[in-house]
Amino acid sequence: MVENEVKESKPIIRCKNLSKSYIFGSEQIHALKNINLEIQEGEFVAIVGKSGSGKTTLINILAGLLPPSSGEIIIAGQTLTRLTPDKLSLLRRETIGIVFQMFNLHPGLTALENVELPLLFKGVEKVRRRETARKILHTLGLKDLIDNYPYELSGGEQQRVAIARALVNESKILLADEPTGNLNSILAHEIVTVLKEINQAKKVTIIMVTHNESLLNKDMRIIRLKDGEIVPQ
Ligand SMILES: Nc1ncnc2c1ncn2[C@@H]1O[C@H](COP(=O)(O)OP(=O)(O)OP(=O)(O)O)[C@@H](O)[C@H]1O
Ligand SMILES: [Mg+2]
């Protein structure tokens, strides 16, 4: 029946009353204050805000790298704060890919070997590892550069390798903290285009932090942070 075909939207990330404070000497810094947020599967979200507004703190909490001071984070149906360390690692490995401003590629490994690493840790055998890594590098337009070492690649190319590495496990969520921060404006736009293509082709949910307003466009949902709070639209 037609009326039964109306699909419910499916949140892949939910934050409820999320707060984070850091203790710094005798001071308490309230980096995030009562964040309520719902992100649907397949969304492309840009998080913007001034330096110190809490963007990295939010990304690190969503990545399971940093515990919140209070509140709840539910990722793909699992409440992060209730998971054992092993279960949290598994969720991170299988569901979440992370890209940082610094590309963090292993300098002694080629592009292909860098992308293979997460599969190696997972115990995937060599032939399948190579094939999967090669495929994702092709998708990211690096077909002819897979045997290059990081120093033989431009900044934009290195970041694309880092994105390939973050996605090689078929992660459903890609968290990117200033992924274009080290790139010039042309390369920055290229990376955003690549992210958009991945978002559409693979239905990966993308959350990208940026302070570069020129990278924002109407295809993204924009969330503004100010002093640790979401600015109402
Ligand atoms: N480990 C820490 N210990 C103490 N204070 C911290 C720590 N990390 C961040 N902060 C503080 O928390 C607030 C939010 O920091 P955060 O790094 O999340 O901001 P940001 O929006 O990512 O900034 P930027 O654009 O400069 O990267 C800032 O006031 C910062 O000084
Ligand atoms: Mg930051």
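The values are calculated or read from the model by the stated rules, or taken from the named source; none is laboratory data. Everything quoted here is computed from the prediction, not taken from an experiment. Cβ coordinates were reconstructed from backbone atoms using ideal geometry, including for glycine residues, and neighbour counts include every protein chain displayed.
For the reader, a short list of remarks on this structure follows.
- Apart from one condition, K226 fits all of (1) in contact with a Ser or Thr (Cβ under 7 Å, 6 or more places away or on another chain); (2) more than 16 Å from ligand 2 (Cβ to nearest atom); the exception is (2).
- Of all residues in region 38-54, those that are closer than 18 Å to T180 by Cα and touching a residue at least 24 places away in the same chain (Cβ under 8 Å) have Cβ atoms under 6 Å from Cβ atoms of residues that are of a type in the set (A, V, I, L, M, F, W, C) and in a loop (DSSP other than H, G, I, E, B), 6 or more apart or on another chain, in F44/M220; A46/L216; A46/M220.
- Boolean, A76 is in contact (Cβ under 8 Å) with a residue 60 or more places away in the chain and more than 16 Å from ligand 2 (Cβ to nearest atom): yes
- Filtered residue count, region 190-221, keeping only those that are within 15 Å of S53 (Cβ to Cβ) and more than 15 Å from ligand 1 (Cβ to nearest atom): 0
- As a summary of the residue check, K7 satisfies the conditions (1) exposed (fewer than 14 other Cβ atoms within 10 Å of the Cβ); (2) at pLDDT 95 or above except for the one numbered (2).
- The single condition among (1) out of contact with any helix residue (DSSP H, G or I) (no Cβ under 8 Å at 6 or more places or on another chain); (2) assigned to a loop (DSSP other than H, G, I, E, B); (3) surrounded by fewer than 17 Cβ atoms within 10 Å (Cβ to Cβ) that S53 does not satisfy is (3).
- Test for V127: is it of a type in the set (A, V, I, L, M, F, W, C) and farther than 25 Å from G52 by Cα: yes
- For region 101-160, residues that are over 23 Å from the mean Cα position of the chain (by Cα) and aromatic (F, W, Y) total 2.
- Of V161, V194, all but one fail to be surrounded by 22 or more Cβ atoms within 10 Å (Cβ to Cβ), part of a helix (DSSP H, G or I) and in contact (Cβ under 8 Å) with a residue 12 or more places away in the chain; the exception is V161.
- Positions within region 197-233 being small (G, A, S) and surrounded by 17 or more Cβ atoms within 10 Å (Cβ to Cβ), in sequence order: G228
- Taking the listed residues K87, K20, K16, the one that is outside any strand (DSSP E or B) and either in contact with a strand residue (DSSP E or B) (Cβ under 8 Å, 6 or more places away or on another chain) or away from ligand 2 (no atom under 16 Å from the Cβ) (or both) is K87, with no other qualifying.
- Inside region 34-46, residues that are assigned to a strand (DSSP E or B) and either closer than 17 Å to I74 by Cα or aliphatic (A, V, I, L, M) (or both) make up a count of 9.
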